[in-house]
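Heads up: the structure comes next, in structure tokens.
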Amino acid sequence: MDIQNREHIILLINSFYEKVRKDNTIGFFFSEVKKVNWEEHLPVMYDFWESTLFYKQVYQGNPMKAHLDLHGDSPLKKEHFDKWLLLFKTTVDEHFQGENAELIKNRAMSIATAIQVKIYQMGQR
């Protein structure tokens, strides 16, 4: 089954963040660095990925700024992005297959790459 609607996005994001919370490489960003309020954070992530995948105008935010702020609190390194992408792609593959599943994995890679490039550029100043 492919990703077809918001309910599928919710399943994907909930499953993904279950993995993230338990992960030794990146979980601390959410539990210690930012102390994420999951009841607030998850709906924002549903909106973000629904907007990203289905071009719906439901997300209100600035993911680049959020990640640059996080980087200011605790440096984001290549291994953090690599783990995030591995967990994201693995979660997609566990639940979905098809054109949208491939598209969301590609978009995740593009977003992670753009954030890493911006962090690198900031470090070069």
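The values are calculated or read from the model by the stated rules, or taken from the named source; none is laboratory data. None of the values given here were measured: they were computed from a predicted structure. Positions of Cβ are backbone-derived with ideal geometry, glycine not excepted, and every protein chain shown enters the neighbour counts.
Listed by position, the helices (runs of 4 or more DSSP H) inside region 9-101 whose residues that are modelled with pLDDT of 95 or more and not aliphatic (A, V, I, L, M) number at least 3 are 38-54, 78-95.
Under the condition of being of a type in the set (S, T, Y), touching a Ser or Thr at 6+ places or on another chain (Cβ under 6 Å) and free of Cβ contacts under 8 Å to residues at least 60 places away in the same chain, the residues counted in region 58-93 number 1.
Confirm whether E79 is loosely packed, with under 12 Cβ neighbours inside 10 Å, out of contact with any Leu (no Cβ under 6 Å at 6 or more places or on another chain) and within 18 Å of K22 (Cβ to Cβ). Considered against the rule, which asks whether it is loosely packed, with under 12 Cβ neighbours inside 10 Å, out of contact with any Leu (no Cβ under 6 Å at 6 or more places or on another chain) and within 18 Å of K22 (Cβ to Cβ), E79 comes out as yes. If the condition is being small (G, A, S) and within 27 Å of I3 (Cβ to Cβ), then region 54-74 contributes G61, A66. Against the list (1) within 13 Å of the chain's Cα centre (by Cα); (2) surrounded by 16 or more Cβ atoms within 10 Å (Cβ to Cβ), the condition F96 fails is (1). Selection of region 78-87 for residues being basic (K, R) and closer than 16 Å to F30 by Cβ yields only K83. Restricted to region 1-40, and to residues there that are basic (K, R) and surrounded by 12 or more Cβ atoms within 10 Å (Cβ to Cβ), the residue that is nearest to P75 (Cα to Cα) is K34. Taken together, E7, E32, E50 contain a single residue that is under 13 Å from the mean Cα position of the chain (by Cα) and of a type in the set (D, E), which is E50. No other residue among P63, P43 is farther than 20 Å from M109 by Cα and either touching a Gly at 6+ places or on another chain (Cβ under 7 Å) or surrounded by 11 or more Cβ atoms within 10 Å (Cβ to Cβ) (or both) apart from P43.
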